[in-house]
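The values are calculated or read from the model by the stated rules, or taken from the named source; none is laboratory data. Treat the numbers as computed from the prediction; the structure is a model and nothing was measured.
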Amino acid sequence: MENETVSYYVHEEAMVRQDIHNKRLFILCLIMFIALILTNGAWIYHESMYEDVVYSENTQDGEGINIIGNGITYGTTTDNN
């Protein structure tokens, strides 16, 4: 089997293509990383708009207080049987 060599021009062309590919891959990864940060930030902002506090205290005699969000009483329940 004879010794195969690659032409200098073919080698340089391959290296240029590889450099272009690496730059495109880096830019794509950078864009995807920025998109990930932005979408996570959007979800955190969206979820922080709502207060998830739900508190309900009812006694056995039917009287109780229902508190939903920020400690504001929205209604009381009274059972007069």
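Residues are listed down the side, and each one gets a yes or a no for (1) of a type outside the set (F, W, Y); (2) modelled with pLDDT of 95 or more:
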site	(1), (2)
E4	yes, no
H11	yes, no
F26	no, yes
L30	yes, yes
G41	yes, yes
M49	yes, no
S56	yes, no
G62	yes, no
N66	yes, no
### Query
Of all residues in segment 1-49, which are under 22 Å from the mean Cα position of the chain (by Cα) and among the acidic types (D, E)?
E47
